[in-house]
Every structure is written in C-alpha cells, then in structure tokens.
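The values are calculated or read from the model by the stated rules, or taken from the named source; none is laboratory data. These figures come from a predicted structure and were not determined experimentally. When we count neighbours, we look across all protein chains shown, and the Cβ atoms used for this are built from the backbone with ideal geometry, even at glycine. The protein model used for the area step is the full one, side chains on, heavy atoms only, and it has no ligands, DNA or RNA in it. Shrake-Rupley method; radii C 1.70, N 1.55, O 1.52, S 1.80 Å.
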Amino acid sequence: MPLALLALAISAFGIGTTEFVMMGLLPNVADDLGTSVPTAGYLVSAYALGVVLGAPLLTAVGSRVPRKRMLLLLMALFTFGNLASAFAPGFGWLVAGRFLAGLPHGAFFGVGAVVAARLVGEGRQARAVATMFLGLTVANIVGVPAATLLGQHLGWRSTFLVVGVIGLCSMAALARLVPHIPVDAQQGLGRELRALGNRQVLLGLLTAVLGFAGVFAVYSYLSAMTTEAMGFGESSVTLVLALFGIGMTLGALAAGPLTDRALRPTLYGSLTALAVVLVVFPFAVQVKWAALVMVVLLGGVGFMTTTPLQMLVMNKAKDAPTLASASNHSAFNLANAGGAWLGGAAIAAGWGWTSPALVGAVLTVAGLAVAVTAGVLDRGGRRKSRVVAGAGTTRGAREGSHADVA
C-alpha cells in the first residue's frame, strides 16, 4: 500500500479522536464552565451539525481545487477548530469551536476516499479506503481513551491542544506523502450535483442513515449500559469502549478485501449480521463475558457496513464521486443523531437500558430493505440496458445488410 495512505490514516486518527472524546469529557467541561451535563451535550450536537453541513458545502466549494491542496485546507480548518476549542473563553465559544472542527470532517473523508481509491490499482480500491478508515477505528482503541484520561487529569483544554498538534502532524504528512492529483478539467459543481442525484447514490445514502443508525442507537448509551445492564463498575467503561474500537478495526480490516470481491453481498451480509447482533444483544449482556463478546461483534459488523457503502456511492456517482462520497459522511452523522435520539426515547419510555438495541435492529432491517431494493433496481436497470444495446446492435446489423444489398 502507498505511504500516502498512512498520511490519510493519521488524519483520520485525529478526526476520530476529537469526534468521540467529547462524550467522555462532558462532566469535566460542564463543571469547568458552570453548566449542566445535558447542556454540555450540545457540544456533541454542534460537531455533528458541522459534519452534516460542511460535507456537501465544503466539497462543493472545493470541487475545482486539486485534491492534495483540498486535503491540506480541510485539515487546516480542523486544526484551527480544535485549537479554538482549547482556548475558548466560554461555553458559546466552545460550541463554535466544535462546530468549526466538525465542518471539514465529512469533506475530508469524502475527498480522502477518492484519493485513496486513485492511489491503487483496480481491485484494491476498497482495501485502500478501508486502510484510511483504520485511523478512525484505532482512534477508538487508543486515541479516545488516552485523550479522555488526559482531559480528566490535566483539564479538557489539554485534550484539544493535543488534537490540534495531531492536526499539524497530519498536515505535514499530507504535504510530504500525498502526490499531486489534478482535478478533471470537466469536473465542476454541476457535474457533482448531477452525480449526487443518481437514484442509486440516493438509495445508498438512505441505507447509511437507516442501517448505521442501529449502531449509534446502542453506542450512544454504551457507557450507561456497561454499569446499568452489564453489571460492571465505572472503571470498566474505558475497557468496554476500547473493545468496541477493536471490533471496529477488525470490521474495517475484513470489509476491504470482501468489498473488493463482492460489494453488494458484503453490504447485505454486514447489515444482516448487524441486525442479528442487535436482536441478541439485550439477552447476551446479562452474562458478563458474553456482553464483552457482543460489544466486539457490534463494533465489527457495524463498521463492516461503512466501506461497502462508501464504495457504492463512489461507484454509482461514476466520474464525479467526491460530493457523493462526502455526503455519505453527512448520512453517517444523521444516523448518529437519529439513532441516539430514538435509543434515548426508548430508555425514557421505560423500556430498559438495553432497549436501544431492539430499536437499532428495526432501523438496521429498514436499511437492509432499502439496500436490497436498490440492488434489485440496479440489476433491472443493467438488464434493460443490455436488452436495448443488443436490440440496437441487431438493428444496426440488419440496416447494414440492407445497405449492402442496395
């Protein structure tokens, strides 16, 4: 694999760390800034809102910018947002800093996925994209726990300072290792928007929103489930979150080669496995060792869906994949927000701490239904195209023979 993928993975590590670390620092931030934990939760929402808005907007604005320069600009904005968060004088400024840090998230992964796919030959593109995503999964094993401990002992500002330094290191790696990739002369916003409007792309984005919402319906409340449902102490929360990250990493490693071999079957299989894990989850967590196994499985099968979904929208967007690729990360963050909201509603309704898993299973089955429908429509469209092409060839041959006779 090219070294440029390492630069993309380092950047993904920094992005993954800052995205998820806030969940563990909410009490520290609330105490320091004199606000409540629920109010501090707006910091998570501010980042997600930045991702949802920034992915399509920044990608559209930078549609004619060379890919390497675009990656550097996005990482510069990410670094600035984290440093602004570290030095925020008040809660409002911290919300603004989190929003700024989230803006380049989706656009970076969207552009980065396209760059990763171009760095390797045909048949290895999904593995290249999965390699970039490994930085995101490793962040959940190493970056988030370490940054959380740092913030708890040295103050939450130190966490964002360190992430800012990671951002600067990422910029140096991108500048050094990523080759110049010119933008197609015909590429522009209009072409990207037309590609985004492709029916298969839209169905892929809807699959991401519904299918991945099942993961976040549980992950958003995994810390509480660790103590309330699994019977572990608070000191075990970091271990459980790290096990989820290990599962994510294993899922990413498996998804790359499987997606290169058979994209849609990998997507169907991962969504089906995710639905099964979510149904079994509430029953298995009653036994401690089984609970830990289920956490790893949830991270693994959940993250196995990301690479095929990413490659699907890129393939169906054809020669203008950047906006579709970035919008996929808006879809993932909508899944984050929607899954967390519905999971929280189930708990608030008194259905129990593990009820978000069953809610997630319903969402995942809905995502699988959309994915299968898209696959059927895609096969039907290709079959129709072959029939039309065959008829055109036959008609052309007949006309040619008539011309010869005349």
message: Just to be sure I understand: with springs between alpha-carbon atoms less than 10 Å apart, which residue in A12, A128, A46 has the highest mean-square fluctuation in the Gaussian network model of the chain?
response: A46
Contour minus Cα-Cα distance for K288 and L154 (0.36 nm per residue): 45.0 nm
field: Gyration tensor (alpha-carbon) shape descriptor, segment 202-258, a/c threshold 1.5
entry: oblate
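Run lengths n ≥ 4 of DSSP H only: what is the helix-derived mean residue ellipticity at 222 nm for the chain, with -39500 (n - 2.57) per run over all residues, to the nearest 500? Write out the running numbers ahead of the final one.
On the way: 17 runs with 337 residues, N = 406.
Calculated from helices alone, the mean residue ellipticity at 222 nm is -28500 deg cm²/dmol.
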message: Under 10 Å, Cα contacts only: if you run a Gaussian network model on the chain, which one of N328, N336, N28 comes out with the highest mean-square fluctuation?
response: N28
- prompt: Across segment 227-236, in residue order, what do the Karplus-derived ³J(HN,Hα) couplings come to in whole Hz, using 6.51 cos²θ - 1.76 cosθ + 1.60 with θ = phi - 60° and x for Gly and Pro?
  reply: 8, 8, 10, 8, x, 8, x, 4, 5, 8
statement: In the chain the accessible area split gives carbon plus sulfur, as whole percent at 1.4 Å, a share of 69 percent
- prompt: With θ set to phi - 60° and the Karplus curve 6.51 cos²θ - 1.76 cosθ + 1.60, what are the ³J(HN,Hα) couplings of segment 257-269 in order, to the nearest whole Hz, using x for Gly and Pro?
  reply: x, 5, 5, 4, 7, 7, 5, 5, x, 5, 5, 4, x
message: Just to make sure I understand: if all protein chains stay in place, what is the order of R176, R67, R199 by accessible area at 1.4 Å, largest first?
response: R176, R199, R67
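Relative to the Cα centre, what is the charge dipole magnitude of the chain, using +1 at the beta carbon of each Lys and Arg, -1 at the beta carbon of each Asp and Glu, and rounding to the nearest 20 debye? Intermediate results must be reported in sequence, preceding the final value.
Values: 25 positive and 13 negative charges, 284 e Å.
The dipole magnitude comes to about 1360 debye.
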query: Any idea of the accessible area per residue across segment 213-309, 1.4 Å probe, to the nearest Å²?
result: 36 Å²
statement: For segment 34-164, dividing by residue count, accessible area per residue (probe 1.4 Å) in Å² works out to 37 Å²
Rounded FRET efficiency, nearest 0.05, which uses the C-beta distance separating K318 from T272 and R0 of 25 Å: 0.35
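In what sequence, highest mean first, do 47-54, 283-290, 298-305, 4-11 appear when ranked by Cβ atoms within 10 angstrom?
Most protected by this proxy first, the peptides run 298-305, 4-11, 47-54, 283-290.
Extension gain R176-V142, at 0.36 nm per residue separation less the Cα-Cα distance, in nm?
Numbers: separation 34, 0.36 × 34 = 12.24 nm, distance 2.48 nm.
Full extension of this stretch gives 9.8 nm more.
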Accessible surface ranking that places the most exposed of D31, D378 first, with a 1.4 angstrom probe: D31, D378
query: Accessible area of L263, 1.4 Å probe, to the nearest 10 Å²?
result: 30 Å²
statement: Phi angles of segment 21-33, converted by Karplus (6.51 cos²θ - 1.76 cosθ + 1.60, θ = phi - 60°) into ³J(HN,Hα) in whole Hz with x for Gly and Pro, give 5, 4, 4, x, 9, 4, x, 5, 5, 4, 5, 6, 9
Residue-span extension gain [W341 to T39] - 0.36 nm each, minus C-alpha spacing: 107.2 nm
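Return a single number: how many Lys pairs in the chain, at a sequence separation of 8 or more or on separate chains, have alpha-carbon atoms below 24 angstrom apart. Each step should come with its number before you reach the end.
On the way: K68/K316; K68/K318; K316/K384; K318/K384.
Close lysine pairs found across the chain: 4.
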